[in-house]
Amino acid sequence: MIPIAIPTGEGFDLEGLLDGEGRRGVVICHPHPAFGGTLHTPLVAALAGALAGAGLRVLRFNFRGIGRSGGTASGGRVEERDVAAACAFLGAGGASEIAIAGYSFGALMAAKAIGRALVLPSRYLALGFPTTIIGDHADRIAEVTRALAAVPSLLVSGTADQFSEIGRLREWTAGRPDARLVALPDQGHFFTGPALSSLIERSLEFLTAGSA
């Protein structure tokens, strides 16, 4: 792993870790920092290691104001810009195509970046997408559905996840051939043990599809 600084164009850099040497890249976005989410979150680290081991170039980073990242955390109001900055950095480094993976808050920020046309990744992976943050806000729902319509997407959530409502995810993915939902029975928001292994396996299958 290589520690790197990701320029944002806003007068500060983001802290990142780069792993793997493949031509295909993946940016991983961590869960909500208010609840301890960072680039070192175990699920994020495990996914990064598995993807790098599968031959992908993997960049995980801390959102603004977290760890050694500059700037000030906004609670999700502008963090989609950080996703775009990470993708731009990976692209400038020679990645031929870039996918985005996000866990919880990170999945939401990735969807915002895609839905607002700040980035156009090759694939979008959402783990434990926090539908409860979206609520019934029509503009927020529209951003997510635009993201799902824009790129091949995989959403993985547990049926017992109090933050990720399976019924709502089914509505968002219904009728979208390029947006697939995997519901893990009786699994909550925090993936450990066999559930984490299943999540990593499904993530690898999705993000490495079509690779040489």
Seminar exercise, completed: Only helices counted: for the chain, with every DSSP H run of 4 or more residues adding -39500 (n - 2.57) and the sum spread over all residues, [θ] at 222 nm is -11000 deg cm²/dmol
Exercise. Which of the helices in the chain, when you take each full DSSP H run, stretch at least 20 Å along the axis at their Cα atoms and have an average Kyte-Doolittle score of -0.5 or higher?
Worked result: 193-207
Seminar exercise, completed: quick note, the chain, DSSP beta bridge pairs, % antiparallel (nearest 5) is 30 percent
Exercise. In a GNM of the chain with a 10 Å cut-off on Cα contacts, which of Asp186, Asp13, Asp178 has the highest mean-square fluctuation?
Worked result: Asp186
Exercise. For the chain, modelled as a GNM with alpha-carbon contacts under 10 angstrom, which of Ser153, Ser198, Ser104 fluctuates the most?
Worked result: Ser198
Seminar exercise, completed: Connecting every pair of Cα atoms under 10 Å apart in the chain and solving the GNM, the largest mean-square fluctuation among Phe129, Phe105, Phe89 falls on Phe89
Exercise. Mean separation of Cα pairs under 8 Å and 6+ residues apart, divided by the residue count of segment 2-207: what relative contact order is that in percent?
Worked result: 17 percent
Seminar exercise, completed: Fraction of alpha-carbon pairs in the chain farther than 23 Å apart, rounded to whole percent, equals 38 percent
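None of the figures in this text is laboratory data; all of them are computed from the coordinates on show. Small disclaimer: the values here were computed from a predicted structure and weren't measured.
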